[in-house]
Amino acid sequence: MRELTVPMDANGQLNHNAVVAVYPGSFDPVTNGHLDIIHRAAKVFDKLVVAVLNNTSKNPLFSVEERVELLRKVTADLPNVEIDSFRDLLINYMKKKNAHLIVRGLRAVSDFEYELQMASTNRKLSEDIETFFMTSTPMYSYLSSSIVKEVARFHGPVSDLVPPEVEQALRMKYAGR
């Protein structure tokens, strides 16, 4: 496990004004579109927490632990990115992390309505939480974890859709089915 770089001030003291953002999601599995948002958000915020949602109402392909491990592998080059998981309300998790910004990726106009509802609900639950929307890079605007799983399930090529570590994990998952 790598150490997280914590923003320090000029005197080497912890910077309590560091901007901490949380990028929540299922990441089942993490795609190149997710990574695009992670890399870009890591440049904007002092610390980015990528938080895997443990949603018990869904039937994910990868366990939470597997998703966290895959994310750790593919973000190892980003010292200000922390990978974590949660199963509570996002707002409660944000308070634990002392974070005030939620990062959400928008692929298309169709994403906006749902994301606006979520952002408004989160703002209603906690007025000190803001949502930061990042539009996807056009080459990933069609990409979703569902599409990746569908292509991989039928042994289609996913090398342009996911990092090599995820491609290998998908092949292993579907080889056993």
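Scan the stretch 120-170 residue by residue and report those that are of a type in the set (Ser, Thr, Tyr), closer than 30 Å to Asn92 by Cα, in contact (Cβ under 8 Å) with a residue 60 or more places away in the chain and assigned to a helix (DSSP H, G or I). Within the stretch 120-170, just Ser145 meets the criteria.
Restricting attention to the stretch 94-149, the residues that are acidic (Asp, Glu) and within 17 Å of the chain's Cα centre (by Cα) add up to 3.
Condition check ((1) under 17 Å from Ala21 (Cβ atoms); (2) acidic (Asp, Glu); (3) surrounded by 14 or more Cβ atoms within 10 Å (Cβ to Cβ)) across all residues:
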{"residue": "Arg87", "(1), (2), (3)": "no, no, no"}
{"residue": "Leu101", "(1), (2), (3)": "yes, no, yes"}
{"residue": "Tyr114", "(1), (2), (3)": "no, no, no"}
{"residue": "Met118", "(1), (2), (3)": "yes, no, yes"}
{"residue": "Ser146", "(1), (2), (3)": "no, no, no"}
{"residue": "Pro163", "(1), (2), (3)": "no, no, yes"}
{"residue": "Ala169", "(1), (2), (3)": "no, no, yes"}
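Within the stretch 53-85, the set of residues being open to solvent by less than 50 Å² (accessible area, probe 1.4 Å) and free of Cβ contacts under 8 Å to residues at least 24 places away in the same chain comprises Ser63, Val64, Val68.
The values are calculated or read from the model by the stated rules, or taken from the named source; none is laboratory data. What you see is a predicted model; the values in this text were computed from it and never measured. When we count neighbours, we look across all protein chains shown, and the Cβ atoms used for this are built from the backbone with ideal geometry, even at glycine. All accessible areas refer to the heavy atoms of the entire protein, side chains included, with ligands and DNA or RNA removed. Shrake-Rupley method; radii C 1.70, N 1.55, O 1.52, S 1.80 Å.
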